[in-house]
Amino acid sequence: MNEVKKPQKHAKYQHSIQYYVLFTLLARTGLRIGEALALTWDDIDLENKTLTVNKTLVCPTNSTPYLSTPKSKASLRTIKLDEVTIRLLKNIASIGTRCI
């Protein structure tokens, strides 16, 4: 995780808290990458410390990415978030990002 914090040469964003938050979210929740990338702030309840999975980002080869329903009905779920993840989400919420 510390590697994500290191500045990267020739990158659009040399270092970004959003990458760190994304990888932390994946590691601490078990989300699939498409589920995490489809999240919006409407899916996150910071007060109740939960996250709702109701869509996924599909990125087909040689085609435009699109939002879809998760793989199965069991994939529709609400996940309880821990304090570390909540703190990170609040941090990026305070800087005005549109999504995770």
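No lab work stands behind these numbers, since they all come straight from the coordinates. Keep in mind that what you see is a predicted model, and the values were worked out from it rather than measured. Cβ placement follows ideal geometry from the backbone for every residue including glycine, while neighbour counts extend to all protein chains displayed.
Rounded to the nearest whole Hz, the Karplus-based 3J(HN,Hα) values (6.51 cos²θ - 1.76 cosθ + 1.60, θ = phi - 60°) of segment 65-82 follow the sequence x, 8, 8, 9, 6, x, 4, 8, 4, 5, 6, 6, 7, 10, 10, 6, 9, 7, with x at glycine and proline.
Please return the longest stretch of the chain lacking exposed loop sites, where trypsin sites (Lys or Arg not before Pro) count only if DSSP places them in a loop and at most 16 other Cβ atoms lie within 10 Å.
Counting at most 16 other Cβ atoms within 10 Å as exposed, the longest clean stretch of the chain is 72-97.
Projecting the Cα positions of 74, 4, 21 onto the charge dipole of the chain (unit charges on Cβ atoms of Lys, Arg, Asp and Glu, taken about the Cα centre) puts 4 furthest along the positive direction.
For the pairs 6/55; 6/90; 9/90, note any where the Cα-Cα span goes beyond 23 Å. The partial results should precede the final answer.
Working: 6/55 31 Å; 6/90 21 Å; 9/90 28 Å.
Beyond 23 Å: 6/55; 9/90.
When only the Cβ of Lys, Arg, Asp and Glu is charged (+1, +1, -1, -1), the dipole of the chain relative to its Cα centre reaches about 240 debye. Taking amide hydrogens as placed 1.01 Å from N in the peptide plane, the amide H of residue 77 sits under 5 Å from those of 53, each at least 5 positions away in sequence or on another chain. Backbone phi angles across segment 27-36, fed through the Karplus curve with coefficients 6.51, -1.76 and 1.60 (θ = phi - 60°), yield HN-Hα couplings of 5, 8, 10, x, 5, 6, 4, x, 5, 5 Hz in residue order; Gly and Pro are listed as x. Extent along the principal axes, Cα only, for segment 37-100: 37, 28, 17 Å, with the longest axis given first. For segment 16-56, the convex hull spanned by the alpha carbon atoms encloses 73 Å³ per residue. Positive end of the dipole of the chain (Cβ unit charges, origin at the Cα centre): among 86, 62, 34, the Cα lying farthest that way belongs to 62.
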